[in-house]
Amino acid sequence: MEYLPNGFTLEIPAGVFPLSTDSMVLSHFVRLPKNARVLDLGSGCGTLGLLLCAQNEGCAVTGLEIDEKAHLAAVENIRRNGLEPRMESICADLRSVSERFSPGGFSVCVSNPPYFSGGPASQSIPIARREDLCGPRELMEAAAFALKFGGDFFLVHRPERLAELISAGAECSLELKRLGLVRHRQDGPVSLILLQFRKGAKPGLLWEELTLRNPDDSPTPAYREIYHL
């Protein structure tokens, strides 16, 4: 059992993607408008949705998750935390967004997507970490359809994929407006990137840096804030 802010809890069954640094830093990076309607693309057992609901009283989150085991865990996490009025999980392929929702129905999309390329060599890697069904192009197309004009898409990814993500977003009228560079230690390499795309926006980019550990391995103030210590 994982304990989240404001008394929320998260149960993660064996074989389902665990609570990770990726999800924690992404939930901290997200900025929600008042009463946001959020679509979580590849929502797993509901981790991001729970974190967002724990910190934003007025938001409502819909999760799309293709893995039935993870989806059922999300349904149970929603029930246990009393979030049925504000949160739901749908077991479906994110590529079916246009079949399930009206265009522009969400103010925000979020995603902690797979990082590993698909193909025969990756079959031993769990589906939650493979791009077979969820590459950058599929993500951007789904978010662009679901978002209203001016809505934001927040995601976490690997730094070496930055150019590909910017290009895929631009093809779907999603402009990168904010970039976060995450280092696990001071003077260490950038290990994660946090991105905020905006539908229909003009060019213009803000960027920020985030370090999780000091040289002596003690947590930084940013780490303490992210993990609510």
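May I ask you to list the residues in the range 32-66 that are open to solvent by 50 Å² or more (accessible area, probe 1.4 Å) and within 23 Å of residue 136 (Cβ to Cβ)? Once the filter is applied, which keeps residues that are open to solvent by 50 Å² or more (accessible area, probe 1.4 Å) and within 23 Å of residue 136 (Cβ to Cβ), the range 32-66 yields only 66.
Taken over the range 201-222, the residue count meeting the criterion of being open to solvent by 40 Å² or more (accessible area, probe 1.4 Å) and not in a loop (DSSP other than H, G, I, E, B) is 6. Screening residue 3 on (1) modelled with pLDDT of 95 or more; (2) over 23 Å from residue 134 (Cβ atoms) shows it passes everything except condition (1). Beta carbons closer than 9 Å, at least 6 apart along the sequence or on distinct chains, pair a first residue in the range 215-229 that is farther than 17 Å from residue 5 by Cα with a second that is open to solvent by 100 Å² or more (accessible area, probe 1.4 Å) for 215/185; 215/187; 217/185; 219/229.
Residue pairs whose Cβ atoms lie under 7 Å apart, sitting 6 or more positions apart in sequence or on different chains, and linking a residue in the range 164-182 that is at positive phi to a partner that is in a strand (DSSP E or B), are 173/199. When the range 133-191 is limited to residues that are in a loop (DSSP other than H, G, I, E, B) and open to solvent by 60 Å² or more (accessible area, probe 1.4 Å), the one that is farthest from residue 207 (Cα to Cα) turns out to be 173.
Restricting attention to the range 165-188, the residues being over 15 Å from residue 154 (Cα atoms) and either in contact with a strand residue (DSSP E or B) (Cβ under 7 Å, 6 or more places away or on another chain) or aromatic (Phe, Trp, Tyr) (or both) number 4.
The values are calculated or read from the model by the stated rules, or taken from the named source; none is laboratory data. Not measured: the values here are computed from a predicted model. Don't worry about glycine lacking a Cβ; one is built from the backbone with ideal geometry, like all the others, and counts go over all protein chains shown. Side chains are part of the model used for accessible areas, which takes the heavy atoms of the whole protein and leaves out ligands, DNA and RNA. Shrake-Rupley method; radii C 1.70, N 1.55, O 1.52, S 1.80 Å.
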